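Enquirer: Have a look at the structure that comes next, please.
Read-outs throughout are calculated quantities, based only on the coordinates presented, and are distinct from any laboratory measurement. These numbers were taken from a predicted model, which means no experiment stands behind them. Please note: Cβ atoms are built from the backbone with ideal geometry, for glycine as well, and neighbour counts cover all protein chains shown.
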């Protein structure tokens, strides 16, 4: 019974209380999308989101190189943002997303050993956001 009560409490809590960090990041992205709308290249949204993160005191690192090692292969991917030193944030400006973008974020989570990622798509009429958990 206690587990059901805990689950009910978790589901009825305000999203900002359940996960205030991702809530803050998504809020910043919504503000950027509200001001710019759709239609720009991803780089424009990345610049604007960096400004918004700064204004909201959301700690972030931009264009973080993530090393990938496989046998003799040594390469790196570049994540758009790492926020709070633990959340991978990947931006897109696509009219429609496929599963490829989610796979990309999951791979970034594997590379960083972080558990939480956000995929933000500015290319649609309303901001699309997906919260991905890797465990």
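Enquirer: Among bridges DSSP assigns within the chain, what percent are antiparallel (round to 5)?
Expert: 75 percent
Enquirer: What relative contact order, as a whole-number percentage, does region 2-133 give when Cα pairs under 8 Å and 6 or more residues apart are counted?
Expert: So the answer I get is 21 percent.
Enquirer: P(r) for the chain: what percent of alpha-carbon pairs falls in each 10 Å bin, starting at zero?
Expert: 12, 39, 33, 13, 4, 0
Enquirer: May I ask you to order 69-76, 116-123, 26-33, 104-111 by the average number of other C-beta atoms within 10 Å around their residues, highest value first?
Expert: So the peptides 69-76, 116-123, 26-33, 104-111, ranked by packing, come out 116-123, 26-33, 104-111, 69-76.
Enquirer: With no solvent and one point on each alpha carbon, what is the Debye value of log10 I(q)/I(0) for region 36-96 at q = 0.20, 0.27 Å⁻¹?
Expert: After summing over all Cα pairs, the log10 values are -0.83, -1.13.
Enquirer: Find how much the distance from residue 76 to residue 95 grows on full extension, using 0.36 nm per residue of separation minus their present alpha carbon separation; answer in nm with one decimal.
Expert: In short, 4.1 nm is gained.
Enquirer: What number, in percent, do you get for the relative contact order of region 31-105 if the mean sequence gap of Cα pairs under 8 Å and at least 6 apart is divided by its residue count?
Expert: Dividing the mean separation by the residue count of region 31-105 yields 25 percent.
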